[in-house]
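Throughout, read-outs are computed from the coordinates displayed, never taken from laboratory work. Since this is a predicted model, take the numbers as computed values, not measurements. Positions of Cβ are generated from backbone atoms using ideal geometry, with glycine treated the same way; all protein chains shown enter the neighbour counts.
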Amino acid sequence: MTGLLTALLVAAGAAVGAPLRYLTDRLIQSRHDSVFPWGTFVVNLTGSALLGFLVALPADDAVRALAGTGFCGALTTYSTFSYETLRLAEDGARLAAVANVVVSIAGGLGAGACGMLLAHNVGG
């Protein structure tokens, strides 16, 4: 697979993942009346689980570029997680900031592991 084709597959996946992240984040956050960034938390866990699932399957480079790097990379957001954590701390919600770090990292690792486990069980 050529570098140009790989880049196009990544861009195509990202073109779907980024708007889905934004819409999902807004939908979830609008349903919670708290300072905790639930929308970002949910998209990051979802993306981690999906990426864990994808990497555990015997997939070719094209699928990994499109779905893994492109879609999951755009669906998840480390920069927004960092910004929201800093914003919580600056606004005096330090406990929520610490909770965001702890549950996001532990949850992301756990979601990725669950995705891998699911792939191993359905993939044979």
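Charged side chains reduced to their Cβ positions (Lys and Arg at +1, Asp and Glu at -1) give region 39-101 a dipole of some 100 debye around its Cα centre.
For helix 38-56, report the angle its Cα long axis makes with the longest principal axis of the Cα atoms of the chain; keep it between 0 and 90° and round to the nearest 10°. Between the helix axis and the principal axis of the chain, the angle is about 20 degrees.
Net charge dipole, the chain: roughly 80 debye, given to the nearest 20, about the Cα centre with Cβ charges of +1 for Lys and Arg and -1 for Asp and Glu. Working note: Cα atoms of the chain, range along each principal axis, descending, whole Å: 50, 32, 23.
For region 1-49, which trypsin sites (Lys or Arg not before Pro) are in a loop by DSSP, counting at most 16 other Cβ atoms within 10 Å? Here the sparse-neighbourhood loop sites are R31. The angle between the Cα long axis of helix 78-90 and the main principal axis of the chain comes to about 10°, on a 0 to 90 degree scale. Secondary-structure-derived ellipticity at 222 nm for the chain, considering helices only, amounts to -25500 deg cm²/dmol, per-run term -39500 (n - 2.57) for DSSP H runs with n ≥ 4.
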